[in-house]
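Trainee: My questions all concern the structure below.
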Amino acid sequence: MATLLKHSAKYALSGRLARLGVHSRHGGLQCLQPRLLPHQRSASTSSKILVEMDDSTGIAVLTMKNPPVNSLSLDFLTEFSISLEKLELDRGCRGVILTSALPKIFSAGLDIMEMYGKSPEHCGEFWKAVQEMWLRLYGSSMITIAAINGSSPAGGCLMALACDYRIMAENPKYSIGLNETQLGIVAPFWFKDTLVNTVGNRAAELSLQLGLLYSAPDALRTGLVDLLVPEDKVLSTASQTMTQWLAIPGENAIGSNPRVSSS
Ligand SMILES: CCCCCCCCCCCCC/C=C/C(=O)SCCNC(=O)CCNC(=O)[C@H](O)C(C)(C)COP(=O)(O)OP(=O)(O)OC[C@H]1O[C@@H](n2cnc3c(N)ncnc32)[C@H](O)[C@@H]1OP(=O)(O)O
C-alpha cells in the first residue's frame, strides 16, 4: 500500500512522469557488489552528463560535467532530465548516484546567464526545465544519493536535497545551502518545501531568511547532509550506502519515504 501511495503521489507530480507507469524495479533481496566490474559496466555520455551503469548491481553513477562550475543551464538541465528519464525507464536500474566531475564544485546552481537579458519565452522554457529536473529527481522511483564532492549553493543544493541521501566531502572550503536571499532572490516555494522536508521548519526558516551557506560540518549538524567523509571516499561511500539501501527487501526503502507516502 505504501508503495502504491508513493507511486501515485510521485506520478501525480508531473503529467510527463505519469507516462513511466507503475512497475517494480525493486525485487527481492540481492547480494550486491559495491564495486563495478569492467565487463558489467556500460556507459553513455552526452556532452554534459556521463552515465555509467553497472548491470550487476543496478547502480548508475550520473556525473555532471559542465565546466567551469556545473551551472544549471537550459542545455544541461535538458540533458540531465533525459538521462534520468532513460534510467527511470531502464528496469535494471535501481539506484542513481549523482556526483560531479569538476574539482571543488558539485553545482553552482541555476545558470545566471540564462536569466539575464533573455526573452520571456526563453525564461519560461528555462524555468520549466528547472522544475522538470526537480520533479524527476524528487519523484524518482529509484534510490538517489548525492555524492557532494564540492560546493553546492542555491540550485545545486536543491539538486542534492532532491535526493534520498546526501554524502558530502569534509573539506572546510566547501559550502552548501539555499542562499538565494543573499542573492536578492526569494527561493521558490518548492525549494522551501524540499528544505523543510529535510531539516525541519525552524532550521529552514533561519536558513532561507538569512540565505545561509553551511560549511560541511554545519551542514551535517543541521541535517542538510547525512554523512561527511574524506574527499577521496565520497564516491566509494555512496556506492556502499547505495548497496545497503538496495538490500532493503522489496520496495520498502522507497515506499516508506514520508515525503511521498502517507502510510
Ligand atoms: C514564467 C517564467 C518565469 C521565469 C523565471 C526565471 C527566473 C526565475 C528566477 C528565480 C530563481 C530562484 C532560485 C535561484 C536559484 C539559483 O541557483 S540562482 C544561482 C545561484 N548561484 C550562485 O550564485 C553561484 C555563484 N557562484 C559561486 O558562488 C562560485 O562561482 C562558486 C560556484 C562557489 C565557484 O567558485 P570559484 O571556484 O571560485 O569559481 P568562480 O571564479 O567564482 O567562477 C568560475 C566561473 O563560473 C562562473 N559562474 C559561477 N557561478 C555561475 C552560475 N551560477 N551561473 C553561471 N556562471 C557561473 C563565474 O562567473 C566564472 O566565470 P568566468 O569569470 O567567465 O570564469
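The values are calculated or read from the model by the stated rules, or taken from the named source; none is laboratory data. Note that the structure is a prediction, hence the values are computed from the model and not measured. Please note: Cβ atoms are built from the backbone with ideal geometry, for glycine as well, and neighbour counts cover all protein chains shown.
Trainee: Collect the residues in the stretch 167-204 that are in contact with a Leu (Cβ under 7 Å, 6 or more places away or on another chain) and basic (Lys, Arg), keeping them in residue-number order. Lay out the reasoning, then the answer.
Mentor: Just the residues of the stretch 167-204 that are in contact with a Leu (Cβ under 7 Å, 6 or more places away or on another chain), to begin with: 167-168, 170, 175-179, 181, 187, 191-192, 194-195, 198-199, 204.
Lys192 - this is the single residue of the stretch 167-204 that is in contact with a Leu (Cβ under 7 Å, 6 or more places away or on another chain) and basic (Lys, Arg).
Trainee: Now, a different point. Could you list, in sequence order, all residues of the stretch 186-197 that are without any contact (Cβ under 8 Å) to a residue 12 or more places away in the chain and either surrounded by 15 or more Cβ atoms within 10 Å (Cβ to Cβ) or part of a helix (DSSP H, G or I) (or both)? It would help to see each step written out before you state the result.
Mentor: Keep residues of the stretch 186-197 that are without any contact (Cβ under 8 Å) to a residue 12 or more places away in the chain, which gives 186, 188-189, 193, 196.
Of everything in the stretch 186-197, those that are without any contact (Cβ under 8 Å) to a residue 12 or more places away in the chain and either surrounded by 15 or more Cβ atoms within 10 Å (Cβ to Cβ) or part of a helix (DSSP H, G or I) (or both) turn out to be Pro188, Phe189, Asp193, Val196.
Trainee: Separate question: Ser151 passes all but one of (1) among the hydroxyl-bearing types (Ser, Thr, Tyr); (2) crowded, with 24+ Cβ neighbours inside 10 Å; (3) touching an Asp or Glu at 6+ places or on another chain (Cβ under 7 Å); which number fails?
Mentor: The one condition Ser151 does not meet is (3).
Yes/no per residue for (1) in contact with a Pro (Cβ under 6 Å, 6 or more places away or on another chain); (2) within 16 Å of the ligand (Cβ to nearest atom); (3) more than 29 Å from Ser175 (Cα to Cα); (4) in a helix (DSSP H, G or I):
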{"site": "Leu77", "(1), (2), (3), (4)": "no, yes, no, yes"}
{"site": "Ser83", "(1), (2), (3), (4)": "no, no, no, yes"}
{"site": "Val96", "(1), (2), (3), (4)": "no, no, no, no"}
{"site": "His122", "(1), (2), (3), (4)": "no, yes, yes, yes"}
{"site": "Phe126", "(1), (2), (3), (4)": "no, yes, no, yes"}
{"site": "Ala129", "(1), (2), (3), (4)": "no, yes, no, yes"}
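Trainee: Check Ser47 against each of (1) assigned to a loop (DSSP other than H, G, I, E, B); (2) small (Gly, Ala, Ser); (3) away from the ligand (no atom under 16 Å from the Cβ); (4) modelled with pLDDT of 95 or more and name the one condition it does not meet.
Mentor: For Ser47, the exception is condition (4).
Trainee: Kindly evaluate Leu213 against the criterion of being near the ligand (Cβ under 10 Å from one of its atoms), of a type outside the set (Gly, Ala, Ser) and within 30 Å of Asp90 (Cα to Cα). Full working, then the answer.
Mentor: On the way: near the ligand (Cβ under 10 Å from one of its atoms): yes; of a type outside the set (Gly, Ala, Ser): yes; within 30 Å of Asp90 (Cα to Cα): no.
Answer is no for this residue.
Trainee: Ok, one more. Ser100 fails exactly one of the following numbered conditions: (1) in contact with a Lys or Arg (Cβ under 9 Å, 6 or more places away or on another chain); (2) more than 16 Å from the ligand (Cβ to nearest atom). What is the number of that condition?
Mentor: In the conditions (1) in contact with a Lys or Arg (Cβ under 9 Å, 6 or more places away or on another chain); (2) more than 16 Å from the ligand (Cβ to nearest atom), Ser100 misses (2) alone.
Trainee: Going by the conditions given, is Met64 closer than 18 Å to Cys163 by Cα and away from the ligand (no atom under 16 Å from the Cβ)? If you could, list the steps in order and put the result at the bottom.
Mentor: Values: closer than 18 Å to Cys163 by Cα: yes; away from the ligand (no atom under 16 Å from the Cβ): no.
Against the criterion (closer than 18 Å to Cys163 by Cα and away from the ligand (no atom under 16 Å from the Cβ)), Met64 does not qualify.
Trainee: OK, next. Got a sec? Which of Leu110, Leu161, Leu137 is near the ligand (Cβ under 7 Å from one of its atoms) and either of a type outside the set (Gly, Ala, Ser) or at pLDDT below 95 (or both)?
Mentor: Going through Leu110, Leu161, Leu137 in turn, just one is near the ligand (Cβ under 7 Å from one of its atoms) and either of a type outside the set (Gly, Ala, Ser) or at pLDDT below 95 (or both): Leu110.
Trainee: Could you go through the stretch 145-160 and let me know if any residue there is part of a loop (DSSP other than H, G, I, E, B), under 27 Å from Leu227 (Cα atoms) and of a type in the set (Gly, Ala, Ser). Before you say what the answer is, go through the steps one by one.
Mentor: Pass one, the stretch 145-160, residues part of a loop (DSSP other than H, G, I, E, B): 149, 154.
If we keep only those that are under 27 Å from Leu227 (Cα atoms) as well, we get 149, 154.
Still in the list and also of a type in the set (Gly, Ala, Ser): 154.
Checked against the condition, which is being part of a loop (DSSP other than H, G, I, E, B), under 27 Å from Leu227 (Cα atoms) and of a type in the set (Gly, Ala, Ser), the stretch 145-160 yields at least one hit.
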